[in-house]
Amino acid sequence: MATGETERGSSDGLPEDMIPEILARLPPKHLLRSRAACKAWRDLATDPAFIRRHHSFQPRQALVFTYGVGGCLQAVDLATNKRRTVLRVIQRVPPPRPFADGALMVHGSCDGLLLLSFHRSFFVCNPATRQGARLPLLLQDGRDVLGFYQHAASGEYRVLYHEAGGLGLQMSHTYYVLTVGSPQARSIDLRTSSAEVGAGLMGGLERSCTSPPVLLHGSLHWSPQLSQGGHILVFDQAAESFRRISPPAQAMLTKDDHTQLFEMEGKLVMFCSPQFAKNLAVWFMDDYKEMRWVWKYWVKLSFKLAYQPIPLPPCPIVLYQEGDMLVPEEVSDKVLHCDKTGKSLGPVDCSAGGTRVTPHMLKESLVLHDFLQMQRNDGACEWFSEVEFADGSDTAIAGDETQTD
């Protein structure tokens, strides 16, 4: 039977006020296990305010795929260069080619939720809680996901996508917003800052699986788009309107360039890489209100890149928040973790030939959502039978009421 001291939450002489600080910094799996220690810890680990705070301390981990029958999504801890399996999808029938559209893809990551597709079947899931739900509206051909975000005013999680119509020169795109948990999507009027922006939107945007937008200042920002004349497209999620901003004058996009937007130090940052170049420029938007860019530094690579097959962008370098990079290196067949200047911080424990680096990151969360379904206790996933979450036998749902003495 637990002592009174244990019931109050003290352990081995630790001050009580330190215990929430320690538990808040545990990985989700270990936090869930800690609930068995005593009632006080269990009450703390299931408190909604504590769970949200716990999420704020979780590191952002880069997401990669490993090849096989189906697909395996893994997270790379950039502090250790170690990877762990997040989930697997079982391929019942082998695809005609490894990179077919039926392969497992990440289309978005937001607050611990992942927007994924497999054989063009879309679903949202939280690997930490093993909740999920299908999104059947996105299954139809011609529909491409452009962004996944939380709407600031309502707290809803939304998917922005477009649907192509017409053929050839007559092709155009209609834009929709789907709220996760809603049976219907709604089309949005193309409120734009200029006729040029509207005309570019008719030509469509890059899919978020290869070019995810950056959410900053309440708006989604896409990397420079050829359909927008090389400009950066911006979607105001509150007004649901589009505008565009210019990239650095020295970094206007050409068809052979690769650019990527990301966030660093709370600012919009652009990485520009002419194909096969080894010196790569990084620009900061120093003043968002005035739209003023400043060049910050060069990324200098001392090795040859291993270019990966479609549907990835031509340049395999992927930059993440704070400038860390995962770079497939051709000669050694390794995926290297580099700092923001291009200096190698060591290889990730996988081969470049068997790994596909994505531009997405996962920041885990144990927050439960009413619009998602639970996985059964026996590990079966009723909402998507092909999904298997990693460490399922060790993972418990945050709302479980397991009792301890």
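Below are the figures for this structure:
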| item | result |
| --- | --- |
| Table column - 3J(HN,Hα) (Hz), the range 239-248, Karplus curve with 6.51, -1.76, 1.60, x for Gly and Pro | 7, 6, 10, 10, 8, 9, 10, 7, x, x |
| FRET efficiency, Ile90 to Ser246 (Cβ-Cβ, R0 56 Å, nearest 0.05) | 0.75 |
| Probe 1.4 Å, accessible area per residue of the range 198-243, Å² | 29 |
| Under-5 Å amide H pairs with Ser365, H placed in peptide plane, nonlocal only | Ala128 |
| Within-14-Å neighbourhood charge of Trp293 [Cβ basis; K, R +1; D, E -1] | +1 |
| Subset of Lys82/Lys363; Lys82/Lys267; Lys289/Lys343; Lys300/Lys363; Lys29/Lys267 violating a 25 Å alpha-carbon distance limit | Lys82/Lys267; Lys289/Lys343; Lys300/Lys363; Lys29/Lys267 |
| Cβ-defined net charge surrounding Asp339, 10 Å radius [Lys, Arg +1; Asp, Glu -1] | 0 |
| Net charge contributed by nearby residues that have their C-beta within less than 11 Å of Gln237 (K/R +1, D/E -1) | -2 |
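The values are calculated or read from the model by the stated rules, or taken from the named source; none is laboratory data. For clarity, every value in this text was computed on a predicted model and none was experimentally measured. Every residue, glycine as well, gets a Cβ built from its backbone with ideal geometry; the counts of neighbours run over all protein chains shown. For accessibility, only protein heavy atoms count, side chains too; no ligands or nucleic acids. Shrake-Rupley method; radii C 1.70, N 1.55, O 1.52, S 1.80 Å.
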